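Bear in mind that the values in this text are calculations on the coordinates, not laboratory data. Please read all numbers here as calculations on a predicted model, not as lab measurements. Counting neighbours? That spans all protein chains shown, and the Cβs are built from the backbone with ideal geometry, glycine included.
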Amino acid sequence: MNNITIKNAAEIELMRESGRLLASVFKYLDPLIEAGISTMQINDWVEDYIVNTLNARPASKGQYDYQYVLNSSVNEVVCHGVPSPAKKLKNGDIVNIDITLEKNGFIADSSKMYCIGKVSPLAKKLVDETYQAMWHGIKTVKPGATIGDIGYAIQRYAESQGFSVVREYCGHGIGREMHEDPQILHVGRPGEGVRLQPGMTFTIEPMINQGTHKTKQKKDGWTVITRDKKLSAQWEHTILVTEDGFEVLTLRDEEMTTG
């Protein structure tokens, strides 16, 4: 626990503000994402909105020498998809848009899946069940629970739906830094790993695959795809451990009646 930063009340308020602003970015994006637009257009819209409307900083830009403000992961891309003017969304695609935002020194991180036009029933099921898997993990969060409890809940649900859980990439502590301790695995065993305590903040961001859980990285050094080229989906929220459970700091308006 020595490396895990427990946030105090003032820091939690700042984390709430960053999370609220990030949720508003997705609300801005929702009507814009459609067939025919490029992933670079999405990147540019988000950068302009975060900087000029929210007076905040896109925290991914410049992190690890990354040039863009978001990841756009389409179809078989698991994570870290790089925006491109040549990559235009088309009917039937599924795409994850993963955005980070820093305000007043604190960072929020969230991602959302978009279905472009009419997608296949299997793609829709993957997107929907990945969302449910994330919530199964979130709902285990409370003081005294463990990281293994989170991973177990996600893995059990995803596999019960016939899907697999990516192992190589995980959630993470977050606050003043994008990546803090602890790591939040999306597979696990009940009772194992770090015990949660109030004031911890971290992301839960399961990547769920249609086929094998195995992945590979493309030659660009960023883009991760499914090894069998089948579909992958991901959702992500930034979570606070409260005195009696959890708070989703990046909760979006359309989720206020869910979860």
- Message: Name the single residue that is surrounded by the most Cβ atoms within 10 Å (Cβ to Cβ) among those in segment 158-185 being among the aliphatic types (A, V, I, L, M), free of Cβ contacts under 8 Å to residues at least 60 places away in the same chain and out of contact with any Cys (no Cβ under 6 Å at 6 or more places or on another chain).
- Response: ALA158
- Give the residue, chosen from GLN155, GLN183, that is touching a helix residue (DSSP H, G or I) at 6+ places or on another chain (Cβ under 9 Å), assigned to a strand (DSSP E or B) and not basic (Lys, Arg). GLN183
- Query: Could you count how many residues in segment 104-118 are in contact (Cβ under 8 Å) with a residue 60 or more places away in the chain and either within 13 Å of TYR157 (Cβ to Cβ) or touching a strand residue (DSSP E or B) at 6+ places or on another chain (Cβ under 7 Å) (or both)?
  - Reply: 9
- State which residue pairs qualify: first residue free of Cβ contacts under 8 Å to residues at least 60 places away in the same chain and inside segment 32-56, second residue of a type outside the set (A, V, I, L, M) and exposed (fewer than 13 other Cβ atoms within 10 Å of the Cβ) in any location, beta carbons under 7 Å apart, and separation of 6 or more residues or different chains. SER38/PRO85; MET40/PRO85
- Counted residues, segment 119-131 - those being part of a helix (DSSP H, G or I), free of Cβ contacts under 8 Å to residues at least 40 places away in the same chain and either of a type in the set (Ser, Thr, Tyr) or crowded, with 16+ Cβ neighbours inside 10 Å (or both): 1
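Looking only at segment 76-107, count every residue that is out of contact with any His (no Cβ under 9 Å at 6 or more places or on another chain) and closer than 22 Å to ILE184 by Cα and tell me the total. Quick ask: steps written out before the conclusion?
Start the filter on segment 76-107 by keeping residues that are out of contact with any His (no Cβ under 9 Å at 6 or more places or on another chain), which leaves 76-97, 99-107.
Still in the running and closer than 22 Å to ILE184 by Cα: 77-81, 96-97, 99-102, 106-107.
Number of matching residues: 13.
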- segment 192-244, subset in a loop (DSSP other than H, G, I, E, B) and aliphatic (A, V, I, L, M), residue surrounded by the most Cβ atoms within 10 Å (Cβ to Cβ): MET200
- Message: I want to confirm something. Restricting to segment 132-152 and keeping residues that are in a loop (DSSP other than H, G, I, E, B) and not β-branched (Val, Ile, Thr), which single residue is farthest from PHE26 (Cα to Cα)?
- Response: GLY144
